[in-house]
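What follows is calculated from the coordinates using simple rules that are stated; it is not laboratory data. Owing to the predicted nature of the structure, the values given are computational and were not obtained by experimental measurement. No Cβ is skipped: glycine too gets one built from the backbone with ideal geometry, and neighbour counts run over all protein chains shown.
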Amino acid sequence: MSIAYTCFCTDVIHEGHLNIIKEARKYGRVIVGVLSDEAVIKYNRFFTLNQDDRAALIRKIDGVDEVVIQEDYHYSDVIEKYHPDYIIHGDNWETGYLKNIRSSVEQQICKYGGKIIDVPYTYSEAITRIDRQMKEKLAMPEYRRRRLRQLIKLRPIVKALEVHSGITGLIVEKTVVDHDGELDQFDAMWISSLCDSTAKGKPDIELVDMTSRYRTIDDVTEVTTKPIIFDGDTGGLAEHFVYTVRTLERMGVSAIIIEDKTGLKKNSLFGNEVVQTQDSIENFCAKIAAGKKSQLTEDFMIIARIESLILEKGMDDALKRAEAFCKAGADGIMIHSRKKEPTEVLEFCDKFRMLDKETPLVVVPSSYNTITEEELAEHGVNIVIYANQLTRSAFPAMKKTAEDILRYHRAKEVDDRLMPINQIITLIDEL
Ligand code: SPV
Ligand code: MG
């Protein structure tokens, strides 16, 4: 009997999926591949049911003969294993970033006479509603908050990009790239104190108050579903920090990173060019412990950021602090450096990993930007934060536009490099 194979990555079964199964049945024994958790999160939105629960859901559908886990969004392994005579898929994979997957499937199954069956994609009001509900579920605080911990387990390295507004949040939410046949997207958002302050035209010295920073989080959470890592600067007084932790938890933020500095905070990239005071190990440990004690969920993470390399206090000091901060309850360590070369950060990571194999390590390669994600992961890094790149790309472009309008006394000359109005209005989802 012929084999008809289809692959699902859905958390909810609707008429569109039932239609695919119905079509598949016409061609033979129906095997449904459930896309693995690792593969789903590479190009699709996050799941609300894990792969085993999704498989159980599909097993219950009438007409399904076998359910298997498909480990990769490329079909090569399943094609090799099952030699399906037919691969059934919605015709939405004829365009966009799924197109390449379709062509490699076609190339492979053509070799033995297999065929692709493109089923017209089902569009209906009910499906749109279900789709929106799933997305909104992902945006709920209890789902969003725990997602960073889930991603650390599922991703070789979690990639976070800076956001400071609804629109920058949407860019991180929606950008998927197909590069050399590999689909990829960002996993998380970093609400940088530098960029949040810059967007408000203020210096990065803990001047923008928490209420205002919560407003930025609100703007971002209203239009996105990805997890948030919040730059908490020094965390302020321990007596205040406990309230910050509670608020962030309630808002669905996944993690706060606080740095071991005290007094007037200056941006780390100034290093010792400005006066910056590192907090004592005792004080900072007490702050971490107070934060951990105040937290109400298991999900939320307090990540301790070590400034010893920035302030040229040496590797031993950085490692001593890392050990102490973990003991005080930190859920992760961020090591920062402003060197052009990654040498000191990698040395720290290697030495830290000899002491501690588990605690997540976070880095911010703004100045040592030649290092790749793969190299960082090889040194035990779990989260890479691209801390300011959206801000730094937008502002020069805006400044040049302003200058050129003044120069030419009209806007025609700048128009070629602007996003068309019809694109900007479709970028924003409507309910
Ligand atoms: C930020 O993005 O605000 C940071 C990272 O804290 S850095 O600017 O490198 O200090
Ligand atoms: Mg900062």
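Data overview
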| read-out | value |
| --- | --- |
| Cβ-based exposure ranking for T244, T401, in which fewest neighbours within 10 Å come first | T401, T244 |
| Residues of type lysines that K81 reaches as a straight line, Cα spacing below 18 Å, ignoring anything fewer than 8 places off in the same chain | K111, K115 |
| Zero-based 10 Å bins, Cα pair distances in the stretch 3-129, whole percents | 13, 47, 37, 3, 0 |
| At 0.692 mPa s and 37 °C, Stokes D of the stretch 184-309 from Kirkwood alpha-carbon radius, µm² per second | 218 |
| Sorted by Cβ density within 10 Å, fewest first, the residues E162, E344 | E344, E162 |
| Pair-distance profile P(r), taking every C-alpha pair of the stretch 37-97, with 5 angstrom steps and integer % | 3, 13, 20, 26, 26, 10, 1 |
| Cα-derived Rg over Rh, computed across the stretch 58-215 with Rh taken as Kirkwood radius | 1.07 |
| Paired Rg and Dmax values of the stretch 140-387, which use every Cα atom, in angstrom | 16.7, 51 |
| The stretch 140-387, relative contact order in percent, only Cα pairs under 8 angstrom and at least six apart counted | 20 |
| Rounded FRET efficiency, nearest 0.05, which uses the C-beta distance separating D404 from S124 and R0 of 45 Å | 0.45 |
| Choice from D404, D77, D178 showing the highest fluctuation, given a GNM over the chain with Cα pairs closer than 10 Å | D404 |
| Cα radius of gyration and Dmax for the chain (Å) | 24.3, 76 |
| Per DSSP, loop GluC sites (Glu not before Pro) in the stretch 68-158 with at most 16 further Cβ within 10 Å | E71 |
| Distant alpha-carbon pairs in the stretch 219-261 (separation over 15 angstrom), percent | 43 |
| Debye-sum result for the stretch 303-431 in log10 I(q)/I(0), which assumes one identical scatterer on each alpha carbon, at q = 0.12, 0.22 Å⁻¹ | -0.62, -1.24 |
| Burial ordering of T175, T262, fewest other beta-carbon atoms within 10 Å first | T175, T262 |
| Mean projected area (nm²) of the alpha-carbon convex hull when the stretch 70-129 is viewed from all directions | 4.7 |
| Evaluated at q = 0.29 Å⁻¹: base-10 log I(q)/I(0), Debye formula over Cα of the stretch 14-67 | -1.15 |
| Where labels lie 7 Å past Cα in the beta-carbon direction, separation of V176 and K22 in nm | 2.6 |
| DSSP-loop trypsin sites (Lys or Arg not before Pro) across the stretch 286-318, with at most 16 other Cβ within 10 angstrom | K313 |
| Rg/Rh ratio calculated on Cα atoms of the stretch 137-223 (Kirkwood radius) | 1.01 |
| Too-long pairs where the Cα-Cα distance tops 32 Å, listed order kept, from K351/K399; K153/K340; K42/K265; K99/K357 | K351/K399; K42/K265; K99/K357 |
